[in-house]
Amino acid sequence: MDEREHTPRADKSEDGDSTGEAVADTDTHSMTGGDGSMTGDDNSVIETDAENVDTGSTPASADEPDSNADVDVGSGGRDRSSPDVDFDGVVLDDDDDNQGLFDDLLSGEPIFENKEVLRPSYTPHELPHRNDQINRMATILVSALRGETPSNILIYGKTGTGKTASAKFVSQELESTSQKYDVPCEVEYINCEVTDTQYRVLAQLANTFIEKNQQVIADLLDDYRELRSAAVDDESALTDTEFDSLADLDDRIGELEADADEMEEVPMTGWPTDRVYSTFFEAVDYHERVVVIMLDEIDKLVEKSGDDTLYNLSRMNSELEKSRISIMGISNDLKFTDFLDPRVKSSLGEEEIVFPPYDANQLRDILQHRADISFKQDALTDDVIPLCAAFAAQEHGDARRALDLLRTAGELAERSQAEIVAEKHVRQAQDKIELDRVVEVVRTLPTQSKIVLFAVILLEKNGVHNINTGEVFNIYKRLCEEIDADVLTQRRVTDLISELDMLGIVNAVVVSKGRYGRTKEMGLSVPVEETEAVLLSDSRLGDIENAQPFVQARFDN
Ligand code: ADP
Ligand code: MG
């Protein structure tokens, strides 16, 4: 009876899918209070806990000769190493002499010269320790500049091994060289983690080429119309052109105008895939060119939508007349080709390039290159870069992690108003990044796993060590009843515990209990307080007011 009427659904997998990702409402501080008004209340002191910030170092107060712009503003007795902005003594005041919220932070010597250089979005111009890989890509892709079709390439390597950065570097070089020699060679980069269905990949490609074609047509039309107005006055303007007569030229103009009208952009959803494919096909084949399609995070595409896209793309060359395409797939997952149709697999993997993890020494070089341009001179103590490199080398040689560490260490130093980034900032950064990871993993766990984890936490908080599955299950059951959640079987709960183990949230070992069989014993591998706070921020678990009785019940059992 619950069957709904069959309403046609807009192809679920194709339209915007980012709904439902409830963004954690972490930052609800408001300086203005409920009414959001700061006006008419100029001298209002938000917090009068005034061991007030000492004045005198406001950068704006230039009229005060002895006001030194010293870093150490109002440090008397306060813990300046707190990584957060200190809200004590924040005064909303338009009087220049008072320290505002930002003055404190502004007045210090900045540690960074250019922080952007350390962000993942920055594409470095130099990629130490990737020469071999970059040269191999270039050797294969150079055919494109000769008007031939390059072999397809598959690139493998763990995250942070420089695949995306190298591929982007090579594609920039390829495009700039093709412009220099005026050969029609284009590179299209698609991140399949974002563009993750066949429809979207094809639509994005189709629309890119339609836009380019429109531009080509518009430029030609400009030229031809100019030629036409010259030829109307004097037909000899057409000598040495491809046109024999004014009528000829008019035909060509008419053709181009019709082409431009016909090219219809693909909507983000709604067309049958066939139509999207043929639109892309025609757009790319509109004129002669070699196109390299880079599919980054290609494993995500295959995982989500299968290998149809790759199948279709890889057999296009046999049907294209004017153009040729070549595919460069980039994967973090070394085994993803196992899921491919054998034909796709052999076509895509004509050439394979592996990006091995970086070792600590290589990471040092990479960091040093970036540090030279991102930090002020002498802003780092000598041990900072080696320590960042060592931490990241443990993390499977991930350059992204290394750069994150360095940037975060710099930010922590900056916030604590230190003048120099030191080893302790790197250690704090390592803890912070690790905690951020845990918070993110825990926050996105399914509810059932959260309940299981909460049970473990309750036991741990009550001083239980070597917690076994049975104990977790008992408390889990009571928690479920309390919040009206389905109670899974103990077997399923054991599976969920294994998953938490794999995520590094709990640490479980199987122990033999002799003739009583085997059980799992576990402990928490993440900080109790923070993890509990994340769990309780879930609206369902947050309903559990007082969990103590559930744990108490354990001892009654
Ligand atoms: P992947 O795509 O393999 O996950 P990225 O290419 O995104 O890795 O690299 C991660 C980060 O590390 C990026 O910020 C990138 O600029 C940087 N990086 C990686 N390898 C190098 C290198 N050899 N030299 C300089 N920076 C690098
Ligand atoms: Mg990448």
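The values are calculated or read from the model by the stated rules, or taken from the named source; none is laboratory data. Keep in mind that what you see is a predicted model, and the values were worked out from it rather than measured. So basically every Cβ, Gly included, is an ideal-geometry build from the backbone, and we count neighbours across all protein chains shown. Ligands, DNA and RNA are excluded from the accessible area calculation, which covers all protein heavy atoms including side chains. Shrake-Rupley method; radii C 1.70, N 1.55, O 1.52, S 1.80 Å.
Taken over the range 306-334, residues that are more than 16 Å from ligand 2 (Cβ to nearest atom) and not in a helix (DSSP H, G or I) amount to 12. Restricting attention to the range 145-159, does a residue exist that is more than 9 Å from ligand 1 (Cβ to nearest atom) and assigned to a helix (DSSP H, G or I)? Yes, because at least one residue in the range 145-159 is more than 9 Å from ligand 1 (Cβ to nearest atom) and assigned to a helix (DSSP H, G or I). When D359 is tested against the conditions (1) more than 16 Å from ligand 1 (Cβ to nearest atom); (2) farther than 22 Å from C185 by Cβ; (3) surrounded by fewer than 14 Cβ atoms within 10 Å (Cβ to Cβ), the lone failure is (1).
From E211, E173, grab the single residue that is more than 14 Å from ligand 1 (Cβ to nearest atom), closer than 30 Å to G270 by Cβ, open to solvent by 60 Å² or more (accessible area, probe 1.4 Å) and in a helix (DSSP H, G or I). Break it down stepwise before answering.
Details: E173 fails: closer than 30 Å to G270 by Cβ.
Checking each option against the conditions leaves just E211.
Taken together, the residues in the range 282-305 that are in a helix (DSSP H, G or I), closer than 15 Å to I327 by Cβ and either within 16 Å of ligand 1 (Cβ to nearest atom) or open to solvent by 20 Å² or more (accessible area, probe 1.4 Å) (or both) amount to 3. Residue count for the range 112-150 satisfying the condition of being within 16 Å of ligand 2 (Cβ to nearest atom), within 14 Å of S171 (Cα to Cα) and of a type outside the set (A, V, I, L, M, F, W, C): 3.
Taking R437 as the residue in question, decide whether it is under 24 Å from the mean Cα position of the chain (by Cα), at negative phi and surrounded by fewer than 17 Cβ atoms within 10 Å (Cβ to Cβ).
Numbers: under 24 Å from the mean Cα position of the chain (by Cα): yes; at negative phi: yes; surrounded by fewer than 17 Cβ atoms within 10 Å (Cβ to Cβ): yes.
Answer is yes for this residue.
Criterion applied to R401, R407 was being within 24 Å of F112 (Cβ to Cβ), within 16 Å of ligand 1 (Cβ to nearest atom), in contact with a Gly (Cβ under 9 Å, 6 or more places away or on another chain) and assigned to a helix (DSSP H, G or I), and the one residue passing it is R401. Contact annotation: residue pairs with Cβ atoms under 9 Å, 6 or more positions apart or on different chains, pairing a residue in the range 362-373 that is near ligand 1 (Cβ under 7 Å from one of its atoms) and open to solvent by less than 80 Å² (accessible area, probe 1.4 Å) with a partner that is at pLDDT below 95 and part of a helix (DSSP H, G or I), are R370/V117; R370/L118. In this structure, is S67 assigned to a loop (DSSP other than H, G, I, E, B), open to solvent by 60 Å² or more (accessible area, probe 1.4 Å), at pLDDT below 65 and among the hydroxyl-bearing types (S, T, Y)? The answer is no for S67.
For every residue, the table says whether it meets (1) more than 27 Å from G504 (Cβ to Cβ); (2) modelled with pLDDT under 95.
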{"residue": "L348", "(1), (2)": "yes, yes"}
{"residue": "Y358", "(1), (2)": "no, no"}
{"residue": "P386", "(1), (2)": "no, no"}
{"residue": "A399", "(1), (2)": "no, no"}
{"residue": "R407", "(1), (2)": "no, no"}
{"residue": "K424", "(1), (2)": "no, no"}
{"residue": "I433", "(1), (2)": "no, yes"}
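Could you check the range 407-444 and list, in sequence order, the residues that are within 30 Å of S498 (Cα to Cα), touching a helix residue (DSSP H, G or I) at 6+ places or on another chain (Cβ under 7 Å) and not charged (D, E, K, R)? If the condition is that a residue be within 30 Å of S498 (Cα to Cα), touching a helix residue (DSSP H, G or I) at 6+ places or on another chain (Cβ under 7 Å) and not charged (D, E, K, R), then Q428, A429, Q430, I433, L435, V438, V439, V442 are the ones that fit.
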